[in-house]
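Encoded as C-alpha cells, the structure appears first; notes follow it.
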Amino acid sequence: MKKITNCPATLAPGYSSYSPKAVKILFEGERVSHLLDFEIEDISRKKDIMHVMKRISVSGVQEKFPAIVGHGRIRLSEIGERSRYILKPAPWDNTLSTRKQIPANEHLTMQIASQVYGIKTAENGLCFTPKGDLVYITKRFDLAKDGSKYYMEDFASLLGKNEAISGTSFKYDACFMDIAEMIKKYIPAWMIAMERFFKLVIFNYIYGNADDHLKNFSILKMGDTYQLAPAYDLMNTALHIEGDDFGLNGGLSYNLEKSDIYDKTGHPCRLDFERFGIAIGLKTKRISTILDAFIVLPEGVKTLVDSSFLNNKMKRSYLRIVMERIARFNRLSE
C-alpha cells in the first residue's frame, strides 16, 4: 500500500492517518483507523450485506454500503443497526478503465467545494482496504446526534418524478429552474437557500459534474422548517466519461434565452448563468459576487489536487478539465 503523507479526509499535509480536525468533524472525536479490515469484494457476496446495500442505494454507478464507526475502526452495519456512515467503493464495472480512481475523485471534488468555495457539504474522507484500494466514506447528515432521523426528500420526489410515471430516466427529466421553483415553495428562507443552490449549479458546471440530477439535491426538515440539504455526490464525471454539461435534460431552463455563445457551441458562458440567477430571483450584486469566484482557478484548488489521492495522470487531467471549463465560462457574448 502506498505511504500516506496527507490526511485522508482534509488532505492536510504531514499526516499518516486522519488529522485531529478530521477526527473531530468526521468521526465526532473518536480516533479511527483509515485501514479497513475487509475487502469489498469479499463482503459483496454475503446475502445479508447485499440486502442492506440495496435498501440504501440509489440508482447510479456506485454501490453503497451502510457503515458504523466504533472502537477505533470502520465496520459494516448489521441488519437492524442504524448506520451513521456510508461507504462507496470503486464501481464493480470493469469496463470503466478509471474506476479505481472514482473514490479519490469524489473525495477531492467534495473537499474543493467545501474548503475553497465554502459550499456546505456532507462530511467525507477516504479509507483503504487491506489491498490498498480506495473507499469513499461519508457521514450521514439526515441523522441527529441522538440517532433520530430528519425528514429528507429529494427533488425528484418533490417534483413528482418517478420511474413508474416518467420512465427509467426520470431523475434527469427536468431543468434547474424546476428545482428553484420547489426551493421557493418549500423553504421559508428561500433566498439564502437559492444562493447556495445557484453556487452549486455553477460549481458542478466548472468542475465537470454531469451527474447533478434531481436525486442529488434534497431538502431536510429541521424542526418545523425545511432547508436545503448539504451537497453530496459531487464528482468530476468528465474525468471518467464524456457527457453533457448538466445532469438535467433541460439544462438551466427550458425557456431562458441562451447567449449567442451557448447557441453556437452548445456550452453556456457567464451571461447564461447571470440570466439564470436573475430568473430564480437573486439580486444582481449577489449574482456577480458568486460568479466572480469562478473566473480563475484558485491556488487552493491546485494545492488540494496535488495533495489528493488521484494518480498523477488523473491530477493533470482534473486540472485541465477545470481550466477548460473556466475558459468556456469566461467567454464574452456578442
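The values are calculated or read from the model by the stated rules, or taken from the named source; none is laboratory data. Owing to the predicted nature of the structure, the values given are computational and were not obtained by experimental measurement. When we count neighbours, we look across all protein chains shown, and the Cβ atoms used for this are built from the backbone with ideal geometry, even at glycine. Accessible surface is based on the protein model in full, side chains and every heavy atom, while ligands, DNA and RNA are left aside. Shrake-Rupley method; radii C 1.70, N 1.55, O 1.52, S 1.80 Å.
Structure notes:
- Single residue of the range 222-240 satisfying the filter (in contact with a Phe, Trp or Tyr (Cβ under 7 Å, 6 or more places away or on another chain) and more than 18 Å from Met194 (Cβ to Cβ)) that is surrounded by the fewest Cβ atoms within 10 Å (Cβ to Cβ): Leu239
- Only a single item in (1) more than 19 Å from Asp173 (Cα to Cα); (2) in contact (Cβ under 8 Å) with a residue 40 or more places away in the chain; (3) out of contact with any strand residue (DSSP E or B) (no Cβ under 6 Å at 6 or more places or on another chain) is not met by Gly223, and it is number (2).
- Every condition in (1) open to solvent by 10 Å² or more (accessible area, probe 1.4 Å); (2) small (Gly, Ala, Ser); (3) touching a Leu at 6+ places or on another chain (Cβ under 8 Å) holds for Gly125 except the one numbered (1).
- Single residue of the range 140-178 satisfying the filter (small (Gly, Ala, Ser) and more than 20 Å from Gln227 (Cβ to Cβ)) that is most open to solvent (accessible area, probe 1.4 Å): Ala164
- Some residue of the range 295-302 being β-branched (Val, Ile, Thr), crowded, with 19+ Cβ neighbours inside 10 Å, within 30 Å of Ser97 (Cβ to Cβ) and touching a residue at least 40 places away in the same chain (Cβ under 8 Å): yes
- For first residues located in the range 88-115 and under 13 Å from Ala238 (Cα atoms), partners that are surrounded by fewer than 19 Cβ atoms within 10 Å (Cβ to Cβ) and lie 6+ apart or on another chain with Cβ distances below 6 Å form the pairs Arg99/Pro91.
- Hey, Asn105 open to solvent by less than 20 Å² (accessible area, probe 1.4 Å), within 20 Å of Leu228 (Cα to Cα), among the polar types (S, T, N, Q) and in contact with a helix residue (DSSP H, G or I) (Cβ under 9 Å, 6 or more places away or on another chain) or not: no
- The residue list Asn209, Asn216, Asn255 contains one member that is open to solvent by less than 10 Å² (accessible area, probe 1.4 Å) and out of contact with any Lys or Arg (no Cβ under 7 Å at 6 or more places or on another chain), which is Asn209.
- Number of positions in the range 247-267 that are in contact with a His (Cβ under 9 Å, 6 or more places away or on another chain) and part of a loop (DSSP other than H, G, I, E, B): 2
- When Ala67 is tested against (1) more than 13 Å from the chain's Cα centre (by Cα); (2) outside any strand (DSSP E or B), only condition (2) is not met.
- The listed residue being touching a residue at least 60 places away in the same chain (Cβ under 8 Å), open to solvent by 30 Å² or more (accessible area, probe 1.4 Å) and in a loop (DSSP other than H, G, I, E, B), out of Arg331, Arg286: Arg331
- Criterion violated by Lys88 - all others in (1) at pLDDT 95 or above; (2) part of a loop (DSSP other than H, G, I, E, B); (3) basic (Lys, Arg) satisfied: (2)
- Test result for Thr109, out of contact with any Gly (no Cβ under 6 Å at 6 or more places or on another chain), among the polar types (S, T, N, Q) and in a loop (DSSP other than H, G, I, E, B): no
- Within the range 129-153, the set of residues being over 27 Å from Met222 (Cα atoms) and touching a Phe, Trp or Tyr at 6+ places or on another chain (Cβ under 9 Å) comprises Thr129, Pro130, Leu134, Val135.
- Checking Asp272 against (1) open to solvent by less than 20 Å² (accessible area, probe 1.4 Å); (2) assigned to a loop (DSSP other than H, G, I, E, B); (3) among the acidic types (Asp, Glu); (4) without any contact (Cβ under 8 Å) to a residue 24 or more places away in the chain, the condition it does not meet: (2)
- Answer residue from the range 86-113, given it is farther than 19 Å from Lys131 by Cα and hydrophobic (A, V, I, L, M, F, W, C) and is farthest from the chain's Cα centre (by Cα) among those: Leu96
- Scanning the range 179-197 for residues that are in contact with a Ser or Thr (Cβ under 6 Å, 6 or more places away or on another chain) and aromatic (Phe, Trp, Tyr) yields a count of 0.
- Gly243 on the phi > 0 side of the Ramachandran plot, part of a loop (DSSP other than H, G, I, E, B), of a type in the set (Gly, Ala, Ser) and open to solvent by 10 Å² or more (accessible area, probe 1.4 Å): no
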